Amino acid sequence: MEVQIENLRMYSSRNTQGTICTIGDKIIKYMNIQELDRKLNVTGIPKSWYLINEGIKSDTHILEEYSGLWKYYYLDEKGNIRNECFFKGESEACQYIYDKLIEIHNHFKHI
């Protein structure tokens, strides 16, 4: 379910036996930040493109956890926050940033 709250997007999912999640009609395998980091490395996504609970850096996709709520945003080269999203669960947040980075990676492969 996606809820619009003052230009912020909140995603939630239903767990099935703790290992499968859904985002909309999309079924995904549960992913935590360790699995996310592993998958991004295997896929060849440069570590310089993202930070996971490691502070902030400009021109980077950032995923942070605050008291059980996950926040994704892109910090542009001028320090502006772009595409800010909040997630109730780690798996949804990990899947979101993974999909975002894969999309960007695929775009640059075709240039």
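The values are calculated or read from the model by the stated rules, or taken from the named source; none is laboratory data. A quick note: this is a predicted structure, and the numbers were derived from the prediction, not measured. Counting neighbours? That spans all protein chains shown, and the Cβs are built from the backbone with ideal geometry, glycine included.
List of remarks:
- Screening G24 against (1) at pLDDT below 95; (2) on the phi > 0 side of the Ramachandran plot; (3) surrounded by 10 or more Cβ atoms within 10 Å (Cβ to Cβ) leaves a single unmet condition, (3).
- Here segment 43-66 is the region considered, the condition is being surrounded by 12 or more Cβ atoms within 10 Å (Cβ to Cβ) and of a type in the set (F, W, Y), and the residue that is nearest to the chain's Cα centre (by Cα) is Y50.
- Number of the condition not met by K100 [criteria: (1) of a type outside the set (F, W, Y); (2) modelled with pLDDT of 95 or more; (3) on the phi > 0 side of the Ramachandran plot]: (3)
- The residue that is farthest from Y30 (Cα to Cα), counting only those in segment 83-108 that are of a type in the set (D, E, K, R) and without any contact (Cβ under 8 Å) to a residue 12 or more places away in the chain, is E103.
- Strands (runs of 3 or more DSSP E) (entirely within segment 50-106) containing at least 1 residues that are touching a Phe, Trp or Tyr at 6+ places or on another chain (Cβ under 7 Å): 60-66, 69-75, 81-87
- Selection status of S91, under 11 Å from the mean Cα position of the chain (by Cα) and not aliphatic (A, V, I, L, M): yes
- In segment 73-82 there is at least one residue matching the filter, namely being of a type outside the set (A, V, I, L, M, F, W, C), surrounded by fewer than 11 Cβ atoms within 10 Å (Cβ to Cβ), in contact with a strand residue (DSSP E or B) (Cβ under 7 Å, 6 or more places away or on another chain) and more than 18 Å from Y30 (Cα to Cα).
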